[in-house]
1. Name the shape class, rounded, prolate or oblate, that the alpha-carbon gyration tensor gives for region 75-168, where a ≥ b ≥ c are the square roots of its eigenvalues, rounded holds for a/c under 1.5, and otherwise prolate holds if a/b is larger than b/c and oblate otherwise.
2. Using the heavy atoms of the protein chains and a 1.4 angstrom probe, tell me the accessible area per residue for region 98-236 in square angstrom.
3. First compute the accessible area of region 161-236 with a 1.4 Å probe, then give the percent of it belonging to carbon and sulfur atoms.
4. Take every DSSP beta bridge with both residues inside the chain and express the antiparallel ones as a percent of the total, to the nearest 5.
5. Quick one: Kirkwood hydrodynamic radius for region 66-122, alpha-carbon pairs, angstrom, one decimal?
6. Please go through region 165-229 and write out the GluC sites (Glu not before Pro) that DSSP classes as loop and that have at most 12 other C-beta atoms within 10 Å.
7. With only Lys, Arg, Asp and Glu charged, each at its Cβ (+1 for the first two, -1 for the last two), find how big the charge dipole of the chain is about the Cα centre; round to the nearest 20 debye.
8. Could you calculate the FRET efficiency of ASN211 with ASP138 from 1/(1 + (r/R0)^6), where r is the beta carbon distance between them and R0 is 45 Å, rounded to 0.05?
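The values are calculated or read from the model by the stated rules, or taken from the named source; none is laboratory data. What you are looking at is a predicted structure, and each value in this text was computed from that prediction instead of being measured. Here the Cβ positions follow ideal geometry from the backbone for every residue, glycine too, while neighbour counts run over all protein chains shown. Keep in mind that these areas ignore ligands, DNA and RNA; they rest on the heavy atoms of the full protein, side chains included. Shrake-Rupley method; radii C 1.70, N 1.55, O 1.52, S 1.80 Å.
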Amino acid sequence: NFVTAHDGFTLLDLVSYNEKNNIANGEDNNDGESHNRSWNGGAEGETDDAVVLEIRARQQRNFITTLFLSQGVPMLLHGDEIDESLMAFTSMVATLRANHPVFRRKRFFTGRHVRRAEGEPLRDVEWMSTDASAMTDDDWDVDYVKSIGMFLNGDGIRARDARGQDISDANFLLYFNASEEGVTFELPSAEYGANWDLVLDTSIPTAPDGNVLAGESITVGGRCVIVLRAGEEKTS
C-alpha cells in the first residue's frame, strides 16, 4: 500500500521523469534503481509547459487517491504532499478515509452477498463495466483494462466497534479511467443507491459539487478518478 518509498523517486519525480537523473552525486548516473515505472507527462524534468504541468498535478492526485482509498494502511512518503494545492487535496482525501470505515476494512473482500433490510443482497464489493454490469472473466481477460467501476458496500464491512455494534457506512462508487480520453459510465440501478453525491474528482484539486441519479451517466475525464457517495448515508 504505497506508491513511492524513501529509497526511490519522490511522487514529483515519478510524474516528472522517464529516466533516473542521479547526476549531481558524481556517480555518472550508475547508482540507484533504473526501473521506476515513471512517466514525465510529455517533457523530461523541469518545464514551464502548462499542459504538462496540469497532467503531472492530476497524476499526483490520482496516486494520492488510489493510495488513501485502498484497503489496508497507506504509506505516504514524507514530503510528497508538500505543495500548497496537493497538501489541501491530500488532507481532503485523508479526511474522507478517516470519516468512512468502508475504506478501512480489517478483513479481505470475499465477494459475498450482504443482506439488506429491503431488496436483494448486494456483494461486499463489485467491479463494474462502463454499462454498470458486473465485470466478467472475459472483461478482465484483455491486454489492459483501462476503465472500470468499483462498488463498495457500506453494509459489508464485517467488523464491530468498541461497544460490539456492527460497523456500517454509506455505499460508494469509484470510477477509474486510465484512458487519455474521457469515458462515460452508466450508474447502477437504484438498489445500489437512489442518488449519488460527487465527493471527489481528481481532475480538480478542490472538492467537487454535484449529484447523479441511479441509472444516469457520468463522464470521467482522461486519466481521472471519481468517487461518489450514496445520498442517504447510513450511521455507524
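1. Cα axes put region 75-168 in the oblate bin.
2. Value for region 98-236: 55 Å² per residue.
3. 44 percent
4. Restricted to the chain, the bridges split so that about 95 percent are antiparallel.
5. 13.6 Å
6. Filter output for region 165-229: GLU180, GLU181, GLU216.
7. It works out to roughly 1320 debye.
8. That gives a FRET efficiency of 0.85.
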